[in-house]
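Peer 1: The structure under discussion is supplied below as structure tokens; questions concerning it will follow.
Read-outs throughout are calculated quantities, based only on the coordinates presented, and are distinct from any laboratory measurement. Because the structure is a prediction, the values reported are computed rather than measured. All Cβ positions, glycine included, derive from the backbone under ideal geometry; neighbour counts span all protein chains shown.
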């Protein structure tokens, strides 16, 4: 699996959009970009994933650059409950579930 | 969507005893499951890949005789921490092919 680089921490004001970047410059053509988050003492929660097109679901939007070397997870209206560690992972779908986790970004949403 | 359930969510055991953690796929069959370990303030580290009907595959540095994995059915994988020591205290998490993760099990060895 390709290595990813994320900022260690970010703050966001409640109600504002949270934009979490991820660099994955060595991503392969068949690797997807996945985002998970982990709230303290819980298992990782799936957020969204994509291959090359931008994706949106009820939780977030995923913007992938044209060269696929980086992406941004957007939480459109952050709430206090969005405070968590966010992990960006790149992997194929062949063994989805087997993931190499980096250190992630600790997002703190402040009132 | 795919749901993976772990049990127990937390356990405290005495040093030298063994502890079994269960990982179940609730609404799908999982021929492959994955076990991770997470120490405080660290990221998840893959320990092993659990294969239904065959031996588990362990990552480098993980003792297969200490962390016994059994995947006897298409919906259940178990991780047994044998002769547990305080340094085995950690958060253990399973996932299934498809990317669903369990809730995690907090193991404390005293």
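Peer 1: From the list A:91, A:68, exactly one residue is touching a residue at least 12 places away in the same chain (Cβ under 8 Å) and on the phi > 0 side of the Ramachandran plot. Which is it?
Peer 2: A:68
Peer 1: Still on this model: Across the stretch A:29-44, what is the number of residues that are touching a strand residue (DSSP E or B) at 6+ places or on another chain (Cβ under 9 Å) and surrounded by fewer than 16 Cβ atoms within 10 Å (Cβ to Cβ)?
Peer 2: The qualifying residues number 3.
Peer 1: Looking at the stretch A:48-66, is at least one residue closer than 23 Å to residue B:42 by Cβ and part of a strand (DSSP E or B)?
Peer 2: No; the residues of the stretch A:48-66 include none that is closer than 23 Å to residue B:42 by Cβ and part of a strand (DSSP E or B).
Peer 1: (1) surrounded by 16 or more Cβ atoms within 10 Å (Cβ to Cβ); (2) within 14 Å of another protein chain (Cβ to nearest Cβ); (3) within 21 Å of residue B:91 (Cβ to Cβ): which one isn't true of residue A:91, the others all being true?
Peer 2: (3) is the only condition that residue A:91 fails.
Peer 1: Examine the stretch B:32-51 for a residue that is over 25 Å from residue A:86 (Cβ atoms), more than 10 Å from chain A (Cβ to nearest Cβ) and part of a loop (DSSP other than H, G, I, E, B), and state whether such a residue exists.
Peer 2: So far as the stretch B:32-51 goes, no, none of its residues is over 25 Å from residue A:86 (Cβ atoms), more than 10 Å from chain A (Cβ to nearest Cβ) and part of a loop (DSSP other than H, G, I, E, B).
Peer 1: Suppose we filter the stretch A:67-110 for residues that are assigned to a loop (DSSP other than H, G, I, E, B) and more than 19 Å from residue A:8 (Cβ to Cβ); how many remain?
Peer 2: Of the residues in the stretch A:67-110, 14 are assigned to a loop (DSSP other than H, G, I, E, B) and more than 19 Å from residue A:8 (Cβ to Cβ).
Peer 1: Residue under question is residue A:37, and the condition is that it be part of a loop (DSSP other than H, G, I, E, B) and in contact (Cβ under 8 Å) with a residue 40 or more places away in the chain; does it hold?
Peer 2: Spelling it out, it is not the case that residue A:37 is part of a loop (DSSP other than H, G, I, E, B) and in contact (Cβ under 8 Å) with a residue 40 or more places away in the chain.
Peer 1: Quick check on the stretch A:40-62: of everything there that is touching a residue at least 12 places away in the same chain (Cβ under 8 Å) and under 16 Å from residue A:17 (Cα atoms), which residue is nearest to the other protein chains (Cβ to nearest Cβ)?
Peer 2: Taking the candidates together, the pick is A:47.
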